[in-house]
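Structure, as structure tokens:
The values are calculated or read from the model by the stated rules, or taken from the named source; none is laboratory data. Given the structure is predicted, the values throughout are model-derived calculations rather than measurements. As a convention, Cβ positions derive from the backbone with ideal geometry for all residues, glycine included, and neighbour counts pool all protein chains shown. Please note that ligands, DNA and RNA were not included when accessible areas were found on the heavy atoms of the full protein model with its side chains. Shrake-Rupley method; radii C 1.70, N 1.55, O 1.52, S 1.80 Å.
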Amino acid sequence: MIFLERDGTHINTLPNNPYYEKVLKFKKAWESGQETFEVHTSGSTGTPKKITLHRKQMIDSVKMTAKAFDLEEGDTAFCCLNIDYIAGMMMLVRAFEIGMDLVVVEPSSNPFETIEKHLYILKSNRGRNFFAFVPLQIQTLLESKPIFTEILNSAKAIIIGGAAVNEHILEKVQMLFPPVYVTYGMTETITHVAIKRINGSEKDDFFNTLDSVDIQLNDENCLMIKSKTTNNEWITTNDVAEIINGSSFILHGRIDNVINSGGVKIQLEKIDKVAELVLKRIQEPEKVLNRYFVFSLPDEKLGERLIFVLEKEPNKQFPSKDDALKVDILQAFKEILPKFEAPKEVFFVEKLIETPTGKIDKIKTINAYVLPQISNG
């Protein structure tokens, strides 16, 4: 852990840790006035790209975030996201520019676990902590020790980004008192440009843009964004959206997440949502912790066939139980979805491969674990 106080002093519990050395190197570069910084996109939806960020755009992003969440000098930013990517990098920049204390821990699924004896730093700053997580991290924390939930409740605000938030997490965050938001943004927009509160009496139905962010749709109903963080230039996304008013929108899914199976166009995000219902039908609700995704494989007859991939350890003692579970899953999909939208196959993999930002890398998981099952089957 690194604890960086706004007056410049710091505590480094692992001074020879390469990750923390990298954090201090970035701090030095930022404080030197460096004008540009290079960052890679996550690669979850395509080949990672190197993008050059300009200091002014990054500072504009900080101002937008500070206004949205009422962040101010003396608050504490908790960074457990990879600083090689935009979300983690901007947590550092926010602390430096706003004058916040900063706690940095190396990214993991349970970011409080490795610093449990130092949690007093966050506990003592109750109501002034700003947390940012990916969905897996907040789910792990909420299902772990009560002290971790207590620390989450010390927040001024909690944001979740990087991947879709499932119904299981939505249920869990209702126990938290601070406002919890899912964010919308990307590397090209210098992290989030819209937020949606998902807990409490003031939760939102739509994403609401941050201050000075303009949105519109292109001819394919994909969201376009313009703000100071985009250098006031329009950026076209692959996200199919519906604009509710000038500053609010609903996301329907990615345009490149549509497959054509036997002439039927299927939006994968729709099947993802149904998958949660399927798992609840065949398991006890409290046991629905498995990660999963839907994808397609080439098919001579259909062109593309829909598959369901579930993170699950194989039952080596009774493999027939896994076969029976697959049949139950397919049957549950058929009972909820139209015939041509239901997955045709189920695959179990012990561990889903992740990108460096904690997102599921579908292509690598398919290549490493699904294709061998087909060739061996």
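Values for this structure:
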{"quantity": "Whichever residue in the range 184-224 is β-branched (Val, Ile, Thr) and in a strand (DSSP E or B) and, among such residues, is farthest from TYR85 (Cα to Cα)", "calculated": "ILE215"}
{"quantity": "Qualifying residue in the range 355-370 (condition: free of Cβ contacts under 8 Å to residues at least 40 places away in the same chain, within 30 Å of VAL134 (Cβ to Cβ), part of a helix (DSSP H, G or I) and among the β-branched types (Val, Ile, Thr))", "calculated": "yes"}
{"quantity": "Complete set of residues in the range 139-167 that are modelled with pLDDT of 95 or more and either of a type in the set (Asp, Glu) or within 11 Å of the chain's Cα centre (by Cα) (or both)", "calculated": "GLU150, ILE159, ILE160"}
{"quantity": "Subset of the range 312-323 [touching a helix residue (DSSP H, G or I) at 6+ places or on another chain (Cβ under 9 Å) and either crowded, with 16+ Cβ neighbours inside 10 Å or not in a loop (DSSP other than H, G, I, E, B) (or both)]", "calculated": "LYS312"}
{"quantity": "Pairs, first open to solvent by 50 Å² or more (accessible area, probe 1.4 Å) in the range 273-285, second modelled with pLDDT under 90, C-beta under 6 Å, six or more apart", "calculated": "LYS280/VAL288"}
{"quantity": "Residues satisfying the stated conditions in the range 324-350, i.e. assigned to a loop (DSSP other than H, G, I, E, B), loosely packed, with under 12 Cβ neighbours inside 10 Å and in contact with a helix residue (DSSP H, G or I) (Cβ under 9 Å, 6 or more places away or on another chain)", "calculated": "GLU350"}
{"quantity": "Which listed residue is modelled with pLDDT of 90 or more and either closer than 30 Å to CYS222 by Cβ or touching a helix residue (DSSP H, G or I) at 6+ places or on another chain (Cβ under 9 Å) (or both), from VAL264, VAL288, VAL309, VAL258", "calculated": "VAL309"}
{"quantity": "ILE190 vs. criteria at negative phi and β-branched (Val, Ile, Thr)", "calculated": "no"}
{"quantity": "Residue list for the range 225-272, filter: outside any helix (DSSP H, G or I), among the charged types (D, E, K, R) and surrounded by 15 or more Cβ atoms within 10 Å (Cβ to Cβ)", "calculated": "LYS226, ASP239, ARG254"}
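Residue-wise test of (1) touching a Leu at 6+ places or on another chain (Cβ under 6 Å); (2) aliphatic (A, V, I, L, M).
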position: VAL193; (1), (2): yes, yes
position: ASN221; (1), (2): no, no
position: ILE225; (1), (2): no, yes
position: ASN232; (1), (2): no, no
position: ILE244; (1), (2): no, yes
position: ILE250; (1), (2): no, yes
position: GLN267; (1), (2): no, no
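Matching residues to (1) of a type in the set (Ser, Thr, Tyr); (2) closer than 18 Å to THR189 by Cβ:
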position: HIS54; (1), (2): no, yes
position: PHE69; (1), (2): no, yes
position: GLY74; (1), (2): no, no
position: PHE96; (1), (2): no, no
position: GLY99; (1), (2): no, no
position: SER109; (1), (2): yes, no
